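Each value in this text was obtained by applying a stated rule to the coordinates, not by laboratory testing. As the structure is a prediction and not an experimental result, all values here were calculated from the model. Because the Cβ atoms are built from the backbone with ideal geometry, glycine has one as well, and the counts that use them run over all protein chains shown.
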């Protein structure tokens, strides 16, 4: 089967076979401590800089969502999270523009080893413990939506489709 790609790597034909659309998988973790959740303010990333998000990352080839969270928590905030200490609490199907889609899985943890610290100050300029019911105004909208869905025990939502 021969693939022909446009500049943005979207397949345009494949010798008569049906082209499957691909989405980008991403995993997010919400550490919870004394009733507060941890947010990270993006800095010099080129995406939503100055706004609060969660510790997160794209799932790499050959990696599960849980493995991604274990890796990202170590890389971004210096803690070790055991897979059994992660609870998957929300799935979001997100559309960005007209050509990009994401499937985001959100996990909560209340247990970890180590002290939370900003290990990537070149990408994050603030870590903030806050009440999930009272997020900063500069929280990325789909993150605020996910947090509200999690608080309300809603397992699935969509963002950016309208």
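Here are some notes:
- Number of positions in the stretch 37-48 that are farther than 12 Å from residue 126 by Cβ and outside any strand (DSSP E or B): 5
- Filter result for residue 120 (touching a strand residue (DSSP E or B) at 6+ places or on another chain (Cβ under 9 Å) and either in a loop (DSSP other than H, G, I, E, B) or surrounded by fewer than 14 Cβ atoms within 10 Å (Cβ to Cβ) (or both)): yes
- Every listed requirement among (1) surrounded by 14 or more Cβ atoms within 10 Å (Cβ to Cβ); (2) over 22 Å from residue 21 (Cβ atoms); (3) touching a strand residue (DSSP E or B) at 6+ places or on another chain (Cβ under 9 Å) is met by residue 93 save one, (2).
- If the condition is being under 13 Å from residue 108 (Cβ atoms) and either without any contact (Cβ under 8 Å) to a residue 40 or more places away in the chain or under 14 Å from the mean Cα position of the chain (by Cα) (or both), then the stretch 70-83 contributes only 73.
- Output for the stretch 26-36, where each listed residue is surrounded by fewer than 20 Cβ atoms within 10 Å (Cβ to Cβ) and in a strand (DSSP E or B): 26, 32, 33, 36
- Looking across the stretch 128-141, the residues that are in contact with a helix residue (DSSP H, G or I) (Cβ under 7 Å, 6 or more places away or on another chain) and touching a residue at least 40 places away in the same chain (Cβ under 8 Å) come down to 132, 135.
- Applying the condition of being closer than 17 Å to residue 89 by Cα and in contact (Cβ under 8 Å) with a residue 60 or more places away in the chain to the stretch 40-69 and asking which residue is surrounded by the most Cβ atoms within 10 Å (Cβ to Cβ) yields 54.
- Apart from one condition, residue 88 fits all of (1) touching a residue at least 24 places away in the same chain (Cβ under 8 Å); (2) within 26 Å of residue 21 (Cα to Cα); (3) assigned to a strand (DSSP E or B); the exception is (1).
- Contact map, the stretch 147-162: first residue without any contact (Cβ under 8 Å) to a residue 60 or more places away in the chain, second residue part of a strand (DSSP E or B), Cβ cut-off under 7 Å, separation 6 or more or different chains; pairs are 149/90; 149/157.
- Criterion violated by residue 83 - all others in (1) touching a helix residue (DSSP H, G or I) at 6+ places or on another chain (Cβ under 6 Å); (2) at positive phi satisfied: (2)
- Meets criteria (surrounded by 15 or more Cβ atoms within 10 Å (Cβ to Cβ) and either over 18 Å from residue 41 (Cβ atoms) or touching a strand residue (DSSP E or B) at 6+ places or on another chain (Cβ under 7 Å) (or both)) for residue 77: yes
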